[in-house]
Amino acid sequence: MKTKAHYYIICYVACAIVTLTALVSCSVSYKFNASSIDYTKTKTILIADFPIRSSYVWGPMGTIFNNELKDKYANNTRLSLVRRNGDLKIEGEITQYQQRNKSVSADGFSAQTELSMTVNVRFTNNVNHSEDFEKQFTATSTYENTQSLSSVQKQLVQEMSKDICDQIFNATVANW
């Protein structure tokens, strides 16, 4: 004669089999896409080089920023980069590049310096002009005053460029 324990074990096993069968037979499809682009309507993007219009200039900054921006769209969308008549158009200029004291040490001298970069962006969506905008994006990086700007400048500009390009990407095609 079977005991109650056997009966409960059989019920648990049966429930587990039914649950697993239901999970296997049901299909939930979730696709994470870094962008929310309708590729049936939007196929191309024009990204103009951003000139430096800042009063303080570090030569390689323009190239670093422009390459980062183009790479961001090339690596995260299926849009073709074109030289004119893009479905999407991104243009603008680097308007600010400056440094300022961020913190003061106990002896009254500057301990950290903050470097900032601001980019003005004009975005045109030729498929849906209601999404057009012009706005500024800013990023900052801090370094210790025990370091010289020339020793950390490339790394900081790369970090700020990546941050600003992420902001631009999110504002133009990520829609989150």
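The values are calculated or read from the model by the stated rules, or taken from the named source; none is laboratory data. Just so we're clear, the structure is a prediction, and the values are computed from it rather than from any experiment. For neighbour counting, all protein chains shown are included, and Cβ atoms are generated from backbone atoms with ideal geometry for every residue, glycine included. Accessible surface areas use protein heavy atoms only, side chains included; no ligands, DNA or RNA. Shrake-Rupley method; radii C 1.70, N 1.55, O 1.52, S 1.80 Å.
Quick look at the numbers
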{"read-out": "Checking Gln158 against (1) outside any strand (DSSP E or B); (2) out of contact with any Asp or Glu (no Cβ under 8 Å at 6 or more places or on another chain); (3) open to solvent by 60 Å² or more (accessible area, probe 1.4 Å), the condition it does not meet", "value": "(2)"}
{"read-out": "Some residue of region 109-132 being part of a strand (DSSP E or B), open to solvent by 80 Å² or more (accessible area, probe 1.4 Å) and among the charged types (D, E, K, R)", "value": "no"}
{"read-out": "Cross-chain or 6+ apart pairs with Cβ under 9 Å, region 80-97 first and free of Cβ contacts under 8 Å to residues at least 12 places away in the same chain, then assigned to a strand (DSSP E or B) and surrounded by fewer than 18 Cβ atoms within 10 Å (Cβ to Cβ)", "value": "none"}
{"read-out": "Residues satisfying the stated conditions in region 58-77, i.e. open to solvent by 50 Å² or more (accessible area, probe 1.4 Å) and within 16 Å of the chain's Cα centre (by Cα)", "value": "Asn67, Glu68, Lys70, Asp71, Ala74, Asn75, Asn76"}
{"read-out": "Subset of region 47-57 (residues that are more than 11 Å from Ile94 (Cα to Cα) and either assigned to a loop (DSSP other than H, G, I, E, B) or open to solvent by 50 Å² or more (accessible area, probe 1.4 Å) (or both))", "value": "Ala48"}
{"read-out": "Condition met for Ala111 (without any contact (Cβ under 8 Å) to a residue 60 or more places away in the chain and either within 18 Å of Phe65 (Cα to Cα) or under 16 Å from the mean Cα position of the chain (by Cα) (or both))", "value": "no"}
{"read-out": "Subset of region 133-155 (residues that are in a helix (DSSP H, G or I) and more than 22 Å from Lys72 (Cα to Cα))", "value": "Leu149, Ser150, Ser151, Val152"}
{"read-out": "Residue within region 78-87 that is part of a loop (DSSP other than H, G, I, E, B), aliphatic (A, V, I, L, M) and buried (at least 16 other Cβ atoms within 10 Å of the Cβ) present", "value": "yes"}
